[in-house]
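Beneath this line is the structure, given in structure tokens, with notes to follow.
The values are calculated or read from the model by the stated rules, or taken from the named source; none is laboratory data. A quick note: this is a predicted structure, and the numbers were derived from the prediction, not measured. Here the Cβ is made from the backbone with ideal geometry for all residues, glycine too, and neighbour counts use every protein chain on show. Calculation scope for accessible area: heavy atoms of the full protein, side chains included, ligands and nucleic acids excluded. Shrake-Rupley method; radii C 1.70, N 1.55, O 1.52, S 1.80 Å.
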Amino acid sequence: MMLPMSDPSWTAVDEHLEAALLPADPELDAALADARAAGLPPIDVSPAQGALLQVLALAIGASRVLEVGTLGGYSTMWLARALPAGGRLVSLEIEQRHADVAGSNLRRAGLAGRVEIRVGPAATSLEAMVAAGEEPFDFVFLDADKPSNALYYALARQLTRLGSVIVVDNVVRGGAVADGDSTDPAVIGSRAVLEAMGSDAGVRASAVQTVGRKGYDGFAVAVVTA
Ligand code: SAH
Ligand code: DHB
Ligand code: MG
């Protein structure tokens with residue numbers, strides 16, 4: 001089955017939504033520019049997606065945010081800007097080079113004081129956080145290596161409380177998520193995390209397909225209810 005992976009109108013609509021809804025933010029623009037200049041892959045959330053993460057974090061009054069997959073800190077910045085005074089964001093990243101770019105982007109934006117980037121395999125960091133009995137997070141954004149998403153979900157769930165919101169990026173993969181015969185590890189990972197969310201009696205979850213400047217993909221969102 002061939003699915004359209006991009007269409008010029010998707011980008012045009014994103015540009016319109018950005019112009020209509022998003023405040024000008026030179027530090028966010030500079031963060032993206034520096035990530036590209038450093039050769040980081042262009043897989044940051046789109047501006048409208050970053051703003052949606054911020055809206056969700058603000059809606060629940062999140063003061064502790066956990067991110068898995070920092071890259072150049074673009075989504076980190078959107079989420080960190082949602083924090084109240086005294087709020088904290090922990091972002092997990094395996095690549096020191098990515099963490100360095102993110103750190104410089106966060107410093108320029110005045111956000112470094114409320115963000116901690118922990119460098120290492122996310123599963124190891126999450127296990128250590130669970131073992132240490134780290135305080136729960138109000139908002140979790142899973143956006144690292146897709147094959148590990150079900151593992152990250154299971155670990156991150158142990159770091160949540162009633163009312164916490166968990167967002168998982170890239171669960172639709174150009175429509176490939178519907179293909180149960182797929183051998184693509186990212187698709188298998190997406191299917192596994194959706195299965196984990198759907199069979200978790202302690203959450204209500206949904207997912208939406210999205211199109212935009214990054215193509216055809218989607219988010220899953222869960223709220224902890226028990
Ligand atoms: N959230 C970012 C994009 C993240 S891209 C944004 O929207 O701006 C995915 C990131 O996950 C990359 O930086 C990659 O290095 C990191 N990553 C990949 N495997 C990982 C692992 N096992 N542990 C932690 N981070 C990982
Ligand atoms: C990829 C990763 C992402 O987090 C994303 O949003 C888009 C693409 C990727 O690895 O291809
Ligand atoms: Mg992503």
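Among the numbered criteria (1) within 18 Å of VAL208 (Cα to Cα); (2) within 16 Å of ligand 3 (Cβ to nearest atom), which one does LEU32 miss?
(1)
When you scan the stretch 58-83, how many residues do you find that are in a loop (DSSP other than H, G, I, E, B) and out of contact with any strand residue (DSSP E or B) (no Cβ under 6 Å at 6 or more places or on another chain)?
Number of matching residues: 9.
Taking the options GLY73, GLY39, name whichever one is open to solvent by less than 20 Å² (accessible area, probe 1.4 Å), on the phi > 0 side of the Ramachandran plot and either among the small types (Gly, Ala, Ser) or free of Cβ contacts under 8 Å to residues at least 60 places away in the same chain (or both).
Answer to the check: GLY73.
Restricting attention to the stretch 139-162, does a residue exist that is open to solvent by less than 20 Å² (accessible area, probe 1.4 Å), small (Gly, Ala, Ser) and part of a helix (DSSP H, G or I)?
Yes, the stretch 139-162 has at least one match.
Has the stretch 26-34 got any residue that is within 15 Å of ligand 2 (Cβ to nearest atom) and either under 19 Å from ASP143 (Cβ atoms) or part of a helix (DSSP H, G or I) (or both)?
yes
Take GLU95 and tell me if it is over 30 Å from VAL211 (Cα atoms) and either among the β-branched types (Val, Ile, Thr) or open to solvent by 20 Å² or more (accessible area, probe 1.4 Å) (or both).
Against the criterion (over 30 Å from VAL211 (Cα atoms) and either among the β-branched types (Val, Ile, Thr) or open to solvent by 20 Å² or more (accessible area, probe 1.4 Å) (or both)), GLU95 does not qualify.
Could you tell me which numbered condition LEU89 fails, if it satisfies all but one of (1) away from ligand 3 (no atom under 16 Å from the Cβ); (2) assigned to a loop (DSSP other than H, G, I, E, B); (3) under 18 Å from the mean Cα position of the chain (by Cα)?
Status for LEU89: all satisfied but (2).
In this structure, does LEU56 turn out to be surrounded by fewer than 24 Cβ atoms within 10 Å (Cβ to Cβ), under 26 Å from ALA24 (Cβ atoms), in contact (Cβ under 8 Å) with a residue 60 or more places away in the chain and within 16 Å of ligand 3 (Cβ to nearest atom)?
When the stated conditions are applied, LEU56 passes them.
For VAL55, are the conditions met, namely being of a type outside the set (D, E, K, R), over 22 Å from ARG173 (Cβ atoms), part of a strand (DSSP E or B) and away from ligand 2 (no atom under 16 Å from the Cβ)?
So VAL55 does not fit the description; no.
Criterion first (of a type in the set (Gly, Ala, Ser) and within 12 Å of ligand 1 (Cβ to nearest atom)) does ALA102 satisfy it?
yes
Only one of ALA33, ALA24, ALA59 is hydrophobic (A, V, I, L, M, F, W, C), more than 9 Å from ligand 1 (Cβ to nearest atom) and farther than 19 Å from ALA109 by Cα; which?
Within the list ALA33, ALA24, ALA59, the selection yields ALA59.
Among the residues of the stretch 176-199, write down those that are open to solvent by 70 Å² or more (accessible area, probe 1.4 Å) and either in contact with a Cys (Cβ under 6 Å, 6 or more places away or on another chain) or of a type in the set (A, V, I, L, M, F, W, C) (or both).
If the condition is that a residue be open to solvent by 70 Å² or more (accessible area, probe 1.4 Å) and either in contact with a Cys (Cβ under 6 Å, 6 or more places away or on another chain) or of a type in the set (A, V, I, L, M, F, W, C) (or both), then ALA178, ILE188 are the ones that fit.
What are the residues in the stretch 1-25 that are open to solvent by 60 Å² or more (accessible area, probe 1.4 Å) and either within 13 Å of ligand 2 (Cβ to nearest atom) or not in a helix (DSSP H, G or I) (or both), if any?
Of everything in the stretch 1-25, those that are open to solvent by 60 Å² or more (accessible area, probe 1.4 Å) and either within 13 Å of ligand 2 (Cβ to nearest atom) or not in a helix (DSSP H, G or I) (or both) turn out to be MET1, MET2, PRO4, MET5, SER6, ASP7, PRO23, ALA24.
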